[in-house]
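Please read the structure below before turning to the comments.
Derivation of every value follows stated rules applied to the coordinates shown; laboratory data play no part. Here the structure is a predicted model, which means the values were calculated and not measured. We place every Cβ from the backbone using ideal geometry, glycine too, and count neighbours over all the protein chains shown.
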Amino acid sequence: MVRVGVVVCVLAAATVALAAARLPKPGTASQVATLVHDAPSVTSLPTDLLPPLSQVSADNAATYYGVAGRECWGMSKCVFGDRSSPETVVLFGDSHAQMWLPALSPALQAAKVRLVLIWRPGCPPTDIGVWDMTSHSIDKGCTAFRTAMIAAIRKAKPALVLLADRTSDIPGANNKLTTNAAWQAGLEETISELKSPTTKVAVIGDITVFSLDLPACLSAYPSDVQKCSVQNPNLKTHQHFAAERAAASAEGVTYLDPQPWLCTTICSPVIGTMAAYYDKFHVSATYAEYLSGVWATALKPLLGT
């Protein structure tokens, strides 16, 4: 299929070509499982790598959904899926929410559900203070954003809120890493504020981040791409996978784990013929869109359709 998205007019010719790239059809559960199982055995860059290596760093949601490229405030700025649907799903979080847009927009379009993306860079929906490296204090803008967006979501009463955030190496007060206990408590607070008799909440689990810049690493080791892979979990990072799962359990909401669609005990930067990540922190738009089928299946029990 040919990806359909909103491409910013000032993009370079190479990026425009990327937007028109012919992509594989969304994978079935068995197809995804097979590719992920075999991924650690990939040694050389495929000659038909999607996207081409020179374009990997631009293969992100912002390239194809320009309106969602920087941040999205409120219920009306960044609307995708079936925009005419009376049923609304909100995807709320930081860049780890935005990165799933190429997967969730087509999945919810097919389900005839409206998708609203609300996100701010470096600002998790989890109710914690995030350290601002510029002001050397807690990021008041993030706290204000989170408070305002929770109020807007509550007022809109969507059918479902999906919470997604980066949990690895997030500094809190005094530039010290947030504890698991604090993260769990903060996420429980956010969930409790959002869930209601008319609004379901689900937590999208975080992904394992890499230790190297992936496009540069793949360029350096085109015949040995596993030099760029990482153990799962990556013990060089401090993350809150368990805290998020525990928070979801404590609040009685669904935890959606994307890890089986990405990694075994190893996370490979290449899955099948696809560059699965556009940098060490984020899934690529190409691979996210490939996962739209398995995402549609995972979301179906949560939707009223």
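Some observations on this one:
- Candidate lysines - alpha carbon under 19 Å from Lys200, same-chain residues fewer than 8 apart omitted: Lys112, Lys155, Lys157, Lys300
- For segment 59-169, the Kirkwood hydrodynamic radius comes to 14.2 Å, computed from all pairs of different C-alpha atoms.
- Working note: Karplus 6.51/-1.76/1.60 with θ = phi - 60° gives segment 237-243 the couplings 10, 10, 10, 10, 4, 5, 5 Hz, where Gly and Pro are set to x.
- Label-point separation in nm, Asp224 to Glu189, each point 7 Å along Cα→Cβ: 4.8
- What the phi angles of segment 275-285 give under the Karplus curve with 6.51, -1.76 and 1.60, with θ = phi - 60°, is a coupling list of 6, 7, 9, 9, 8, 6, 10, 9, 5, 6, 5 Hz, glycine and proline written as x.
- The stretch between Thr273 and Ser135, if pulled fully straight at 0.36 nm per residue, gains 45.4 nm over its current Cα-Cα span.
- Relative to one another, the C-alpha centroids of segment 181-240 and segment 94-133 are positioned 13 Å apart.
- Computed E for Phe281/Leu302 - FRET, C-beta separation, R0 45 angstrom, nearest 0.05: 0.95
- Straight-distance crosslink candidates among lysines, where the alpha carbon sits under 20 Å from Lys176 and sequence neighbours closer than 8 are dropped: Lys140, Lys236
- Based on DSSP H segments of at least four residues, each scored -39500 (n - 2.57), the chain has a per-residue ellipticity at 222 nm of -9000 deg cm²/dmol.
- Once the Cβ-Cβ distance of Arg154 and Leu235 is raised to the sixth power relative to R0 = 30 Å, the FRET efficiency obtained is 0.20.
- Less than 5 angstrom separates the built amide H of Ser85 from those of Arg114, all sequence-distant by 5 or more or on a different chain.
- Distant-in-sequence amide contacts of Leu177, defined by a placed amide H-H separation under 5 Å and a gap of 5 or more residues or a different chain, comprise Gly172.
- Candidate cross-link partners of Lys77 among the aspartates and glutamates, defined by an alpha-carbon separation under 12 Å and a same-chain spacing of 8 or more, are absent.
- Inter-centroid distance (Cα atoms) of segment 141-156 relative to segment 255-305, Å: 27
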